[in-house]
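To start, the structure under review is shown below, and the notes come after it.
Read-outs throughout are calculated quantities, based only on the coordinates presented, and are distinct from any laboratory measurement. Please read all numbers here as calculations on a predicted model, not as lab measurements. Note that we place each Cβ from the backbone using ideal geometry, even for glycine, and neighbour counts take in every protein chain shown.
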Amino acid sequence: MANRAPAQRDLITKRWRAVKSVEMTELQLHIAFVNYYQRMKFPGSVGQHNANGELRNKRTAAKLKAMGVLPGADDYTIIRRAPWSLDCLPEVFKIEFKRKGGKQSPDQKQYQNDVTAAGCIYVVIDDLDDGIAFLEKHRITRPRQAVGRVE
């Protein structure tokens, strides 16, 4: 079956018309990704949201900066025991969510360089299917079942 643009039938004219697909916001993408991860993860991995990007007053921002909050830090972190490690070394995945077409800030690019140099796997996700494919590729979650799909 060929991929076609989304369409719907007009109730009055009964003609088919093209419909704009709805883009997920960064928040919606983040929540959908975490929901999928929590439901499908293999035992032994831990996921955590890094609360860095909310609006704050100056006093709270100064306190958090003094406590070590880094500019450009990722949105979500998954840690598990590396499957290849006999010494139970951790494998760390740093995930940054962006809405479709969103770009990383200079602070985020610097953070990405720093954590990849430290041995973390860093990924920018702007599509839920790409995020799920990332989880399955690294065997963090069970694979999706192709139930009811007709190709």
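Global size of the chain: 19.5, 67 Å for Rg and Dmax (C-alpha atoms, Rg to one decimal, Dmax whole). Determine which residues of the range 18-57 fall in the zone a paramagnetic label at Asp107 would reach in this model, i.e. backbone nitrogen under 16 Å from the point 7 Å along Cα→Cβ. Residues passing the 16 Å test: 50-57. Springs between Cα atoms under 10 Å define the GNM used for the chain, and in it the highest mean-square fluctuation of Gly72, Gly47, Gly119 occurs at Gly119.
The DSSP beta bridges internal to the chain are antiparallel in roughly 75% of cases. With the simple model of a label 7 Å out from the Cα in the direction of the Cβ, Ile121 to Asp87 spans 2.0 nm. By the Cα gyration tensor, the range 55-95 has an equivalent ellipsoid whose semi-axes, rounded to whole angstrom, run 32, 11, 6 from largest to smallest.
In the elastic network of the chain, a GNM with C-alpha springs shorter than 10 Å, the most mobile of His49, His138, His30 is His138.
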